[in-house]
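The block underneath contains the structure these notes are about, expressed in structure tokens.
Just so it is clear, none of the values below were taken in a lab; they were calculated from the coordinates. A quick note: this is a predicted structure, and the numbers were derived from the prediction, not measured. Positions of Cβ are backbone-derived with ideal geometry, glycine not excepted, and every protein chain shown enters the neighbour counts.
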Amino acid sequence: MSITIIIIVITVLVSVMAWRDYSLMDRFIMNPYRVASRGEYYRLVTSGFLHADWGHLLFNMISFYFFGGFIEQVFYYLFAGSGPVYLVGFYLAAILVSDIPTFLKHRNDPGYNSLGASGGVSAIIFAAILFRPLTPITLFFIPIGIPGFIFGPLYLAYSYYESRRGAGNINHDAHFYGALFGILFMIIVYPQVLPDFIEQVSSWRLF
């Protein structure tokens, strides 16, 4: 069984268990105030395995499935036998890093909670876009038809705008910083991906 599938199975199991047991949800959810006041830093990671409902869970896990399998192959190529370790570390680090801005912004707000794998999934998606920028994006079985290198900046701009606007219950900061983490991580561990990305994009033609 691939690491991608294992992560999906664990996430689904933890989310379903938390829906049935609110004490688990309360213990694992990202509450910046509790993190700051009680030192419960584990919440920065455990919240990435919780979801609000089936729609939230399926959207994240299907998106992760489509892109995670490819990045898993990339890590096997780059790190050989250590590929699975790097993939797990990359995914968990993305969840952690993407939650830090939320923690800093809401650490004095006892009523704020956040959950979901969006930061880790965004990191996986944007890492994949670096390698295959011309591939049309498909999310939740919906073929958007926009090449990744065009979808990426639009998505980042939207996430940044919505984060500054502060409306709704979606943690757009996690999307934004997770995506940036995915890009920076891949450039650091495999610098050649950047010139390869530029070469592919420069060959693209609209018609």
Once amide hydrogens are built 1.01 Å from N within the peptide plane, the residues lying 5 or more places from ILE146 or on another chain with amide H under 5 Å from its amide H are ILE137
Please state the relative contact order of the chain as a whole percent: Cα pairs under 8 Å, 6+ residues apart? 23 percent
From the phi of every residue in the stretch 105-110, what ³J(HN,Hα) in whole Hz does the Karplus formula 6.51 cos²θ - 1.76 cosθ + 1.60 yield, where θ is phi - 60° and glycine or proline is x? 6, 10, 5, 9, 10, x
Would you work out the charge dipole size for the chain about its Cα centre, treating the Cβ of every Lys and Arg as +1 and the Cβ of every Asp and Glu as -1, and quote it to the nearest 20 debye? 260 debye
Taking Cα atoms, the helix 172-189 axis meets the longest principal axis of the chain at an angle in degrees (rounded to 10) of 50 degrees
Could you tell me the calculated FRET efficiency between ILE10 and ASP109, based on Cβ-Cβ distance and R0 = 35 angstrom, to the nearest 0.05? 0.75
Can you give me the C-alpha center-to-center distance between the stretch 180-207 and the stretch 34-99, rounded to a whole angstrom? 22 Å
Quickly rank 101-110, 84-93, 175-184 as a protection proxy: mean count of other C-beta atoms within 10 Å, highest first. 175-184, 84-93, 101-110
The set of residues whose placed amide H lies less than 5 Å from the amide H of GLU40, leaving out same-chain residues fewer than 5 positions away, is VAL35
